[in-house]
Amino acid sequence: MKFFFHVGQYFYMLKKVFSKPEKHKMYIRQLFHEIDSLGVNSIWLVIIISVFIGGIMVIQFAYSMANPLYPNTLVGLGTRDTLILEFSSTMMALILAGKIGSNITSEIGTMRVTEQIDSLEIMGVNSASYLILPKIIAVVLIFPFLYIISVFFGLLGGLITGPIAGVITAADYIAGIQWLFYPYYVTFSIIKTLFFGFLVASVPAYFGYHVQGGALDVGKASTLAVVNTNVLILLFDLILTQLLLT
Amino acid sequence: MIKVKNIYKSFDGETILKNVSTQFDPGITNLIIGRSGSGKTVLVKSILGLYEIDKGEIWYGDINLTRMPEKDRKKMRSEIGMVFQGGALFDSLSVEANVRFPLDMFTNKTPKEKQERVEFCLDHVNIEPIAYKLSPSEISGGMQKRVAIARAIALNPKYLFCDEPNSGLDPETSTVIDQLIQNLTKEFNMTTIINTHDMNSVIEIGEFVLFISKGEVAWEGTNKEILHTENKKLNDFIFANKLYAQLKKEGENK
């Protein structure tokens, strides 16, 4: 019963979020602020994680394919497809749900418990729309770029690590990442990132917007928001993979 | 002027406000007092239109708020300023940006006009220009309240609501805030409603005092009358403070 209550309340909030803004100029200003704080500030985290995971994947692929019957190019191919299909979209969304999601819940939750949201409402501002809409648009816009950055730096991590670890030559690796490349895999993953971006912004915003109590409750809401966002990302990953890849 | 006519409000079957009727006039400070849980916050939120009342009417001048659709209520809110208990300033904005926010959102003034209005409001609440660029966390509690008042009057509202404006402040700063609200009320001829249980405020600026007990109007009058009332509920509330009990005793002995 509680589940249906939350689902209903979430969609009711979305209805308020997507209503006509009071003043477009203020929303656009807020949008640029959110792109900077939620998106641009996440680039370094994406780069660091992608470089290391790319490097680790190359070593693991090389180890599991240490068979003279397998061509060396399989290491590059495996790394590329794993990055493109799953890591840079889904795994990165799970990681960013922790960073961006908890940030959104704690920011909106703190505004709720300190009456800042009530203050907006009394002024006549649609608080749900003003606070949440720019965040959703910012995250949905920035996620495909973060995905592309992640794929690029993941492949670069493999290129650096493979020859240094002595598991593959740079030439074999480069040949591998060009072998049997299907551009649709990138399209499919970019579609996924749009859905994940929406979830990463809207679900934590829901938990923050409906917080009741004090600082402790904001912390609890942040944890709940991250857990629920992660479950929804995996669920949508399964559904989208079934719908778009089979 | 705000008129409240026979309003009722209940939550989950429990009646919080029972047949409340009163009138708040412009140009004077109207105080709502009562014990915690007496229903004064529900009354204020009902007057603000944040709670839908079960029965009765609320009039802002000649406009009936109770029959107004939500869209028109939003427009109406630009005529209302509100000072929250904790100030409720936006953390991410500077002092001057907080005061400018309602101007940015609801007016088409030029940047110069907005800046002039911001400076006018901040000057009226005695905030020095040196504090304009500071964030709310960098200023004292008393200054936060004053900035909140400046933001509340930025759109030149007809109605000003203050929810416990003195909570968490020392007695001296409380007096300054009280005087400030009273002066602004008179200067701009606003209908000001203050929700408080601070007896110092009642004595200092209570030009009209409404005492709520168990969701009903138990007494109404002025700060001059309040110390001499025979109303038992009100006396129990006021003279729970030993200082006022002593003052009353001294007054009776004279």
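Residues of the range B:1-47 that are under 15 Å from the mean Cα position of the chain (by Cα) and hydrophobic (A, V, I, L, M, F, W, C): B:M1, B:I2, B:F24, B:I28, B:L31, B:I32, B:I33, B:V42, B:L43, B:V44, B:I47. Here B:G87 fulfils each of the conditions (1) touching an Asp or Glu at 6+ places or on another chain (Cβ under 6 Å); (2) within 25 Å of A:L120 (Cβ to Cβ); (3) in contact (Cβ under 8 Å) with a residue 40 or more places away in the chain apart from (1).
Could you please let me know if A:I117 is of a type in the set (V, I, T) and more than 14 Å from every other protein chain (Cβ to nearest Cβ)? Answer is no for this residue. Scanning the range B:147-173 for residues that are part of a helix (DSSP H, G or I) and either in contact with a strand residue (DSSP E or B) (Cβ under 9 Å, 6 or more places away or on another chain) or modelled with pLDDT of 90 or more (or both), we see that the one that is surrounded by the most Cβ atoms within 10 Å (Cβ to Cβ) is B:R151.
Got a number for residues in the range B:174-210 being assigned to a helix (DSSP H, G or I) and either within 17 Å of B:H124 (Cβ to Cβ) or within 13 Å of the chain's Cα centre (by Cα) (or both)? Here the count works out to 16. Which of the following residues is of a type in the set (K, R), assigned to a loop (DSSP other than H, G, I, E, B) and closer than 26 Å to B:T191 by Cβ: B:K109, B:K133, B:K71? Going through B:K109, B:K133, B:K71 in turn, just one is of a type in the set (K, R), assigned to a loop (DSSP other than H, G, I, E, B) and closer than 26 Å to B:T191 by Cβ: B:K109.
Only one of the numbered conditions (1) in contact with a Ser or Thr (Cβ under 9 Å, 6 or more places away or on another chain); (2) part of a helix (DSSP H, G or I) is not met by A:Y130, and that is (1).
Considering the range B:43-68, the residues that are within 14 Å of another protein chain (Cβ to nearest Cβ) and of a type in the set (A, V, I, L, M, F, W, C) include one that is nearest to B:N6 (Cα to Cα), namely B:I47. When restricted to residues that are out of contact with any Phe, Trp or Tyr (no Cβ under 6 Å at 6 or more places or on another chain) and part of a helix (DSSP H, G or I), the range A:61-78 contains 5. The residues in the range B:219-241 that are touching a residue at least 24 places away in the same chain (Cβ under 8 Å) and surrounded by 14 or more Cβ atoms within 10 Å (Cβ to Cβ) can be counted, and the count is 5. Here is a check on your reading of the model: is A:F195 under 27 Å from the mean Cα position of the chain (by Cα) and not in a helix (DSSP H, G or I)? No; evaluated as a whole, the condition is false for this residue. Taking the range A:192-218 as the range and being touching a His at 6+ places or on another chain (Cβ under 9 Å) and either surrounded by 24 or more Cβ atoms within 10 Å (Cβ to Cβ) or of a type in the set (D, E) (or both) as the test, only A:Y206 passes. Among the residues of the range A:1-37, those identified as within 13 Å of chain B (Cβ to nearest Cβ) and under 24 Å from the mean Cα position of the chain (by Cα) are A:K16, A:Y27, A:I28, A:R29, A:Q30, A:H33, A:E34, A:D36, A:S37. Residues considered: B:E14, B:E70, B:E96. Of these, the only one that is in contact with a Lys or Arg (Cβ under 8 Å, 6 or more places away or on another chain) and charged (D, E, K, R) is B:E96. A single member of A:I122, A:I108, A:I137 is assigned to a helix (DSSP H, G or I) and away from every other protein chain (no Cβ under 12 Å), and it is A:I137. Among the residues of the range B:69-79, none qualifies, meaning not one is touching a Phe, Trp or Tyr at 6+ places or on another chain (Cβ under 8 Å), modelled with pLDDT of 90 or more, at the interface with chain A (Cβ under 8 Å from one of its Cβ atoms) and within 15 Å of A:L120 (Cβ to Cβ). Across the range A:38-59, the number of residues qualifying as loosely packed, with under 14 Cβ neighbours inside 10 Å and within 14 Å of chain B (Cβ to nearest Cβ) comes to 0. Residues that are part of a helix (DSSP H, G or I), touching a Ser or Thr at 6+ places or on another chain (Cβ under 8 Å) and either among the hydroxyl-bearing types (S, T, Y) or without any contact (Cβ under 8 Å) to a residue 12 or more places away in the chain (or both) are absent from the range A:230-238 altogether. Restricting attention to the range B:87-103 and to residues that are of a type outside the set (A, V, I, L, M, F, W, C) and part of a loop (DSSP other than H, G, I, E, B), the residue that is farthest from the other protein chains (Cβ to nearest Cβ) turns out to be B:S94.
The values are calculated or read from the model by the stated rules, or taken from the named source; none is laboratory data. Because the structure is a prediction, the values reported are computed rather than measured. For neighbour counting, all protein chains shown are included, and Cβ atoms are generated from backbone atoms with ideal geometry for every residue, glycine included.
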